[in-house]
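Before any comments, here is the structure.
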Number of protein chains: 2
Amino acid sequence: MTTEPEIPANRTPTLTDVAKLAGVSVATASKAINGRGEVRATTRVRVLEAAELLSFAPNALARGLLSGRTGTVGLLTSDLEGRFSIPILMGAEDAFGAGQVSVFLCDARGDAIREQHHVRALLSRRVDGLIVVGSRTDPRPPLVGNIPVPVVYVYAPSANPNDVSITVDNVGGGRLAVEHLLACGRRSIAHITGEVGFQAARDRAEGAAAALADAGLTLVGDRPYFGSWDESWGRAAAHMVVERHSDVDAIFCGSDQIARGVLDALRDLGRDVPGAISVIGFDNWEAISADSRPRLTSIDMNLKRLGAVAGQRLFEAIDGSVSRSEEFPGRLVMRESTLPLG
Amino acid sequence: MTTEPEIPANRTPTLTDVAKLAGVSVATASKAINGRGEVRATTRVRVLEAAELLSFAPNALARGLLSGRTGTVGLLTSDLEGRFSIPILMGAEDAFGAGQVSVFLCDARGDAIREQHHVRALLSRRVDGLIVVGSRTDPRPPLVGNIPVPVVYVYAPSANPNDVSITVDNVGGGRLAVEHLLACGRRSIAHITGEVGFQAARDRAEGAAAALADAGLTLVGDRPYFGSWDESWGRAAAHMVVERHSDVDAIFCGSDQIARGVLDALRDLGRDVPGAISVIGFDNWEAISADSRPRLTSIDMNLKRLGAVAGQRLFEAIDGSVSRSEEFPGRLVMRESTLPLG
DNA sequence: CTGAAAGCGCTTACAG
DNA sequence: CTGAAAGCGCTTACAG
């Protein structure tokens, strides 16, 4: 028969349990654990030992209720499946991961109703902010309703220019690709790309045309070949281009999948890549570009960095500073499908 | 100068605000909003209108503090980048999405320390349960420490057989692939696969061998060709197999990427696929299998369903029932790279 | 240096 | 049918 404080049974331990075990008040226990206020060193050690013994983990809900900050953010994506969302999401996770922030992941599946539903749930959980990840670069409608926390849009900008959007400079990316081909001594450059309905396709084509214009040149065929984003289109279009323009010495592709189709077609046609015709892709999707024959030079959109920047901007906004929208350039990743003329 | 209750300024509205605006007590407001207890119809309407007017969203933290349930779960993945985690994650999201559950996403990046850190954070946030998603099928060490909530392991089982693990039947998958080739009348079947260090590679090979044994046959070359998971290995191995065993009439590949390499090599060698040699892959990775020449027959592991089942099992466990580990079969997805002999 | 008290926003018996 | 009170687990002035 003892009156010693006992270790609680199978209940998650609370600060009260720790305080009891250490023989102090909850106020003192709180201060000791948080390193706040003046607590005698020996007392603090006693509290910390008790906490350790009980595997005490402070209840974040209670803390959040008090402080008004939960240390959580919502990540709203429209298609998890899409390969663009994932690196962005990883970048954002990186930006948060170091600190004390946890991330709620919500996939709206491209459905506005579902998105609305998720936003409501997240606000109910009192997230400190929201990141909205789009799956294509066309501007998207801003979140509806009165959102009482900061919001940062990534990849797909908000249609409202007052919102903070972190995006890729696709015009610059198209320019980068063509400037590389020009630097390789190529003059007859064709552009095979995806659906014209995509802003990304139009932007990259615009950048390509601009770079050529600066060099006093135009695209082979005098226009981009818009089609679809897949390999079959790459194969079909490559056949057409080579047949119509036998002088073509380089092809800039709007995606790595298109480029993959182009490579296959050129191989079938017996055209040497990169010697006779250099090929460059877009996306730097490892699974597609890293093991092709030859391995594919491509433009990397630095999506992970995009996500990380979005995370940082959200943090700043939560801390009360105002951010502005930003556009980031891509990066050339050289492999063996492009080569200077000998 | 009025004494009417006013709409609160720029503060997130609380139940007290709603009650004030509706002219009732917070207790009554609470009951009205939650449809609990006896509340006069007209009163409830008044409260609901007030809530609507203020865009009131109940504070989930406060609720969680009271009820002991937060309606959140933690999803612990070891590599977001990996294409296996994503469909599983989507399936889990689906399982939860319908209800009132929000998902914390944590990527441990394959680092045990980081995983430990995430677990602590999640427990601090009082998640109701955890799902642990592995990136390969080899058993993994269970979460360390005393975890006071249910845990379900997916794809990669826990090394502790008492834990609940939801996995893919890779032996069955290998069997499925070879049985399909046998059904197509093939008798000389080779198996080109990934690293022998992967349980997945060994399991699929085992299933393939078993199916052949049932038919009184053995693998061409009497053993699987283990190598790496990429296209180059597929190309190299295909050359070798065809050269050594000119009678081969089918190749079962341990991954779609390997199969892609095999297809390319056979094309270079002038072997007709599927006529002379049928090829089947594994994973059913759309980006790789859906647009190859010919399009690739493959085994789909139903990862999305795996994730959904894991979510359901976690729910059940949270509600107090005991679940058991389960293993799920794959599914044959027919395309044009396999064909019955004419 | 330590602790009693108030309060974050809500729900739930318990009286009226 | 309605409301005053207690309490979920914590932190923060404020006394001692």
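The values are calculated or read from the model by the stated rules, or taken from the named source; none is laboratory data. All of these numbers come straight from a predicted model, not from anything done at the bench. FYI the Cβ positions are ideal-geometry reconstructions off the backbone, even for glycines, and counts take in every protein chain you see. Surface accessibility is based on the protein's heavy atoms, side chains included, excluding ligands, DNA and RNA. Shrake-Rupley method; radii C 1.70, N 1.55, O 1.52, S 1.80 Å.
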(message) Every residue in the range A:43-59 that is more than 12 Å from DNA strand C (Cβ to nearest atom) and in a helix (DSSP H, G or I), please.
(response) A:48, A:49, A:50, A:51, A:52, A:53, A:54
(message) Condition check: of a type in the set (Lys, Arg) and within 16 Å of DNA strand C (Cβ to nearest atom). Does residue A:40 satisfy that?
(response) yes
(request) Evaluate the range A:102-121: report whether one residue or more is within 13 Å of DNA strand C (Cβ to nearest atom), open to solvent by less than 30 Å² (accessible area, probe 1.4 Å) and either closer than 15 Å to residue B:72 by Cα or among the β-branched types (Val, Ile, Thr) (or both). (result) no
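Looking only at the range A:95-138, which residues are acidic (Asp, Glu) and more than 18 Å from residue A:71 (Cα to Cα)? First the steps, then the outcome.
Going residue by residue through the range A:95-138, those that are acidic (Asp, Glu) are A:107, A:111, A:115, A:128, A:138.
Matches in the range A:95-138: A:107, A:111, A:115, A:138.
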(request) Mind listing whichever residues of the range B:81-106 are at the interface with another protein chain (Cβ under 9 Å from one of its Cβ atoms), more than 14 Å from the chain's Cα centre (by Cα) and either farther than 24 Å from residue A:100 by Cβ or part of a helix (DSSP H, G or I) (or both)? (result) B:97, B:100
(request) Please state which of the following conditions residue A:215 fails to meet, knowing it meets all the rest: (1) without any contact (Cβ under 8 Å) to a residue 12 or more places away in the chain; (2) over 18 Å from residue A:193 (Cβ atoms); (3) of a type in the set (Gly, Ala, Ser). (result) (1)
(request) At least 2 residues that are over 26 Å from the mean Cα position of the chain (by Cα) and assigned by TED's automatic domain parsing to the domain that holds residue A:313 in each: list the helices (runs of 4 or more DSSP H) lying fully within the range A:161-255 that qualify. (result) none
(message) Based on this model, can you work out whether residue A:287 counts as part of a helix (DSSP H, G or I) and outside the structural domain of residue A:91 (by TED's automatic domain parsing)?
(response) yes
(request) May I ask you to verify whether residue B:88 is open to solvent by less than 70 Å² (accessible area, probe 1.4 Å), of a type in the set (A, V, I, L, M) and either near DNA strand D (Cβ under 10 Å from one of its atoms) or over 25 Å from residue A:94 (Cα atoms) (or both)? (result) no
(message) Condition first: polar (S, T, N, Q) and over 21 Å from residue A:122 (Cα atoms). Now tell me which residues in the range A:43-82 satisfy that.
(response) A:43, A:55
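When you check residue A:133 against the structure, is it more than 12 Å from chain B (Cβ to nearest Cβ) and surrounded by 17 or more Cβ atoms within 10 Å (Cβ to Cβ), yes or no?
On the way: more than 12 Å from chain B (Cβ to nearest Cβ): yes; surrounded by 17 or more Cβ atoms within 10 Å (Cβ to Cβ): yes.
Considered against the rule, which asks whether it is more than 12 Å from chain B (Cβ to nearest Cβ) and surrounded by 17 or more Cβ atoms within 10 Å (Cβ to Cβ), residue A:133 comes out as yes.
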